[in-house]
Amino acid sequence: MTNRMNIVYHSSDLFAPVLGTSVVSVFENNKSFDEIHIYIFENPLSEDNKKKLIDIADSYARNIHFIPMPDINETQNLGLKDVRAGWFFNSYMKLYLDKLLPKEIHRVLYLDSDILVVDDLTELWNMDLKGHCAAGVTDCLGERYYNILGLSKKAYYCNSGMILEDLCLWREKNIGDKVRNYCNKNGGYVFFMEQTAFNAALDNNILIIHPKYNVYSMMQCLTYEELLRLRKAERFYTKDEIAEAVARPAIIHLTNSFLLINRAWYENSNHPCRDMYQEYKKLTPWKNEPDFPDMRKSKAKVVQFFVDHLPKTLVIGFASNLYNTWRVNRIRKTIMDAQQKMKNVR
């Protein structure tokens, strides 16, 4: 029996070097697989960037497939509204892969482009999902967020940068319809975008797996106690599990943080995995291209100055108050306003 893994990404030309670096990290650390098929939803990708990605795949005897990015908001009637200027709705495609991929594909691993795969994924890929539609890693989220986002007491809010999906069960359980219902119920205002829609639609139908499969940056930048204090999280991993994940990760998610100066592919980055990212980048056709320019505005640099020079405990306390009080209240008000507008329309 052929040992084949299917991985899905989405990207535009802007992120092509980051995507290529992620793809190389997959191929470098998963040579045990007979076949790896990468499906990239492009939005768009130039012929030059596609050729570079194909060249990477050919050099490892792997396969890449390009799929035009559909307008998920329109085709699935999600009615989404902008939560933040500059955000797009393309990421919702990861919730409709049962409809967008060939029917013969039964299982996929979705990865965000800002991910490095640093270990063999055989154990993850062959994992028994025990009747769940998906597997994921719990995000560090406070109880007030669970309440305002309408999640049950049994649910665990997962980061959607890595999702292992059973497309047959996804189709059988009509997850796409549940995503649409959640978006419509909230007047199209969905905070944290498709990540929240994913968690709300599946609720308690996500298998929670070891955090080594999605080590996001805050796990690396903060101690366990600092992380819990920042997010006021109750539904989370143990201290030992997080320590194991940080020490021996399988998938590293190069996310942002107020404690960091830019992400790993930018100039002036102090990301803990910057050197690792650069080593994988050297294996891509973008190896000689400069890092992304530091585009931070004056306000961001002023904030960074205080983050760097104030006591860490004070910074975390202030950030925790913003995150768990001010932001929660703002989200609640926006949701209530959206729901009131819906009532007025009716």
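The values are calculated or read from the model by the stated rules, or taken from the named source; none is laboratory data. These numbers were taken from a predicted model, which means no experiment stands behind them. Neighbour counts are summed over all protein chains in view; Cβ atoms, including those assigned to glycine, are modelled from backbone coordinates with ideal geometry. Note: accessible area is taken over every heavy atom of the protein model, side chains too, but ligands, DNA and RNA are not part of it. Shrake-Rupley method; radii C 1.70, N 1.55, O 1.52, S 1.80 Å.
A compact table of results
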| quantity | calculated |
| --- | --- |
| E225, E194, ranked by accessible area, largest first (probe 1.4 Å) | E225, E194 |
| Space enclosed by the convex hull of the alpha-carbon atoms of segment 158-202, per residue, Å³ | 59 |
| Shape category assigned to segment 28-73 from the gyration tensor of Cα positions, a/c cut at 1.5 | oblate |
| Residue-span extension gain [T75 to M127] - 0.36 nm each, minus C-alpha spacing | 15.5 nm |
| Highest average packing first - 301-309, 143-151, 157-165, Cβ atoms within 10 Å | 157-165, 143-151, 301-309 |
| Rule-of-thumb Rg ratio for segment 253-346 [Cα; 2.2 N^0.38 Å; N residues] | 1.55 |
| Kirkwood hydrodynamic radius of segment 118-230, from inverse mean 1/r over distinct Cα pairs, in Å | 15.1 |
| For q = 0.10, 0.23 Å⁻¹, Debye-computed log10 I/I(0) when each Cα of segment 1-118 counts as one equal scatterer | -0.31, -1.43 |
| In Hz, Karplus ³J(HN,Hα) per residue of segment 226-235 (6.51, -1.76, 1.60; θ = phi - 60°; x = Gly, Pro) | 5, 5, 5, 5, 5, 9, 6, 7, 10, 9 |
| Bins of 10 Å, starting at 0 and running to the largest distance - Cα pair percent for segment 113-162 | 19, 43, 29, 9 |
| Of H271, H106, H253, the one that fluctuates the most in a GNM where the chain has Cα springs shorter than 10 Å | H106 |
| Segment 262-316: C-alpha gyration tensor shape, a/c 1.5 cut-off, then a/b vs b/c | oblate |
| T138, T313, reordered so the largest accessible area comes first (probe 1.4 Å) | T313, T138 |
| Computed accessible area, W265, all protein chains, 1.4 angstrom probe, square angstrom | 0 |
| Rg/Rh for the chain, where both radii come from Cα atoms and Rh is the Kirkwood radius | 0.95 |
| Cleavage-rule hits, trypsin sites (Lys or Arg not before Pro), segment 1-91, DSSP coil, Cβ neighbours within 10 Å at most 15 | K31, R84 |
| Cα gyration tensor shape for segment 156-308, rounded if a/c is under 1.5, else prolate or oblate | prolate |
| Percent of beta bridges antiparallel (DSSP, the chain, rounded to nearest 5) | 35 |
